[in-house]
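J.: Starting off with a structure, shown below.
The values are calculated or read from the model by the stated rules, or taken from the named source; none is laboratory data. Just so we're clear, the structure is a prediction, and the values are computed from it rather than from any experiment. We place every Cβ from the backbone using ideal geometry, glycine too, and count neighbours over all the protein chains shown. Note: accessible area is taken over every heavy atom of the protein model, side chains too, but ligands, DNA and RNA are not part of it. Shrake-Rupley method; radii C 1.70, N 1.55, O 1.52, S 1.80 Å.
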Amino acid sequence: MADPLYQVEKTCPICEQNFKLTKTRGQAISVSTDTDFCTHFKDLNPSYYTIWVCPNCGFAAHEERFFTLLESARLKLKKFLEGRKVNLDLSGVRSWEQAVTSYKLAIYYATMVHLPASHIASLELRLAWLYREKEMAGEEMAMLKRAVDGYKEAYMREQTPIGNLTEVTLTYLIGELLRRTGQYDEALSYLSRVVSNPQAKNEKRILEMARDAWQEVRDLKKATDSSAAEAE
């Protein structure tokens, strides 16, 4: 069987040094998918390797953004990282800890150069999924809250589709993340928008998930309100 990992050589757009990074080949085998689209894999988790990190200067970004920075952003990072030697080699097999480090770095630099809110939110969501993998509920919840705030900003300011997120899917994802973080009233608002959107008929799976989440939030609110009434 071929090794699922292989190395390629790239040139860092910031420090202009060559370095080797590790990529995944083939189709990873998924076991299940959560309601916020977190996929659980049988063996190798490909998301461990989607953040490219230069071992020389420490610049990190999602593979789709590594070479697409605006020149003003590239120069800002170049000035910030100039002369730094971090010796952070994340090539080869990545541990969970190294994957977390790569996402934290990518979020830091993406925020520094003001990449779109949707992109930063997607990094924060994926970092939350890594915390979920280790059942670190507090850290996961903090990242989910940051992610949903970013997606709400994107919903207001960015044009859909955003990557593979249609307006319907983005609205659902916001509602689902609000549900997961206990912001029930706002969750109902977003989930209701999905259910009432005529375009949702074209995305039947998302529509069904939105209806399920909406009902779950309604039940939770009803139970919470009943408990509060009994306590008075």
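J.: Being among the basic types (Lys, Arg) and crowded, with 19+ Cβ neighbours inside 10 Å: is that true of Arg74 here?
T.: no
J.: A follow-up question, please. Would you mind stating whether Ala147 is under 13 Å from Asp36 (Cα atoms), assigned to a helix (DSSP H, G or I), out of contact with any Phe, Trp or Tyr (no Cβ under 9 Å at 6 or more places or on another chain) and without any contact (Cβ under 8 Å) to a residue 60 or more places away in the chain?
T.: Yes: the conditions hold for Ala147.
J.: Give me the pairs, please: first residue somewhere in segment 34-62 and closer than 15 Å to Ser122 by Cβ and charged (D, E, K, R), second residue anywhere and surrounded by 16 or more Cβ atoms within 10 Å (Cβ to Cβ) and at pLDDT 95 or above, beta-carbon distance under 7 Å, and either six or more positions apart or on two chains.
T.: Sorted first by the residue in segment 34-62, then by its partner, the pairs are Asp36/Leu173; Asp36/Glu176; Asp36/Leu177; Asp36/Arg180.
Yes/no matrix, rows are residues, columns are (1) open to solvent by 30 Å² or more (accessible area, probe 1.4 Å); (2) among the charged types (D, E, K, R); (3) at positive phi:
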{"residue": "Gly83", "(1), (2), (3)": "yes, no, yes"}
{"residue": "Leu90", "(1), (2), (3)": "no, no, no"}
{"residue": "Arg94", "(1), (2), (3)": "no, yes, no"}
{"residue": "Thr101", "(1), (2), (3)": "yes, no, no"}
{"residue": "Leu105", "(1), (2), (3)": "yes, no, no"}
{"residue": "Tyr108", "(1), (2), (3)": "yes, no, no"}
{"residue": "Leu115", "(1), (2), (3)": "yes, no, no"}
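J.: Would you confirm whether any residue within segment 77-95 is under 24 Å from Gly163 (Cα atoms) and touching a residue at least 24 places away in the same chain (Cβ under 8 Å)?
T.: No - not one qualifying residue is present in segment 77-95.
J.: Let me ask something additional. Of all residues in segment 117-137, count the ones that are farther than 16 Å from Gln98 by Cβ and either in a helix (DSSP H, G or I) or within 8 Å of the chain's Cα centre (by Cα) (or both).
T.: So the count comes out to 11.
J.: Give the residue that is nearest to Leu173 (Cα to Cα), with candidates limited to residues of segment 1-47 that are aliphatic (A, V, I, L, M) and open to solvent by less than 60 Å² (accessible area, probe 1.4 Å).
T.: Here the answer is Ala28.
J.: Return yes when Glu139 is under 20 Å from Trp129 (Cβ atoms) and open to solvent by 20 Å² or more (accessible area, probe 1.4 Å) and no when it is not.
T.: Judged against the criteria, Glu139 is a match.
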